[in-house]
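Single-structure report; data block below.
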Amino acid sequence: MATSNKSKAPTAPAGTTPTPAPSDEKKTDDPERLEVFKAFVMEFAKESDRACVILGAARLDILLKQLITAVLLPSTSSSDELLDGDSPLGTFSARIQMSYRLGLLDAEFTRALNLIRRIRNEFAHEASSVSLAHASHRDRIKQLIAPLKDIKIFGTFREMDLLKPHEGSARDFRAILAFLCARLEGAVHRAAPVKSERTCALVAKKWLEKPSSDG
């Protein structure tokens, strides 16, 4: 009897919580993508609160750029004048809003990303001793997890072994960060370019059709 060539995904040791896949809607069939996600979670899980916030926001920003790029037609120049550098969509804020206006994110997801952005901005301008346990950050983190507190998949992220050294708002923030990144990873993976049949042409195809000679 023939045996399958498909390798089984490694299982976590008994009593531990594995890192969830980048998409909770279907298991990823891309081991490399899963390993990249795990490496990212490991990186921000061990960082200080400040580094975690800055690193996490930067990762979300990159994923939004990838998501927008995936649905837009390719740039006609070597550099993307819409998304790179000081371009109109070169900031985290602009990418959040464009993703929402394109229908790539819903209002709740957009609100969550804006909360992350505000926390990032405050951390960037505060003293090095700043902590996610600070009252203002703690309140925003409560707002972040409120829509997810009873969602089973979010509980899986919060119980990841990598996050167990952290407690309270520090752990909640890292869990929501991993969750948002996973959701965006999945969205990028599923994204499809805009359909060309919706394109408005300068010259309509029907104008070029030759009149029928029948009759």
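Each reported figure results from applying straightforward, stated rules to the coordinates on display, with no laboratory input. What you are looking at is a predicted structure, and each value in this text was computed from that prediction instead of being measured. With ideal geometry, Cβ positions are generated from the backbone for all residues, glycine too; neighbour counts draw on all protein chains shown.
Structure summary
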quantity	calculated
Top positive-direction residue, dipole computed over the range 31-208 with Cβ charges, set M98, L163, L60	M98
Peptides ranked, highest mean first, by Cβ atoms within 10 Å: ranges 43-56, 150-163	43-56, 150-163
Computed magnitude of the charge dipole of the range 31-208 (debye, nearest 20; Cβ of K, R +1, Cβ of D, E -1)	540
Whole-Hz ³J(HN,Hα) from phi, Karplus 6.51 cos²θ - 1.76 cosθ + 1.60, for the range 100-113, glycine and proline x	5, 5, 7, x, 7, 10, 8, 5, 5, 5, 4, 4, 4, 5
Translational D in µm²/s for the range 31-208 (Stokes-Einstein at 37 °C, 0.692 mPa s, Kirkwood Rh from C-alpha pairs)	185
Residues E32 and I153, FRET efficiency given R0 of 30 Å [Cβ-Cβ distance, rounded to 0.05]	0.85
Net lengthening on full extension, W207/H125 (0.36 nm per residue, minus Cα-Cα)	23.6 nm
Per-residue ³J(HN,Hα) for the range 131-140, Karplus 6.51 cos²θ - 1.76 cosθ + 1.60, θ = phi - 60°, Hz, x for Gly and Pro	9, 5, 7, 4, 3, 5, 6, 4, 5, 5
Ordering of 167-180, 184-197, 57-70 by burial proxy (mean other Cβ atoms within 10 Å per residue, highest first)	167-180, 57-70, 184-197
28 Å Cα-Cα threshold exceeded, pairs from K65/K206; K38/K65; K149/K195	K65/K206; K149/K195
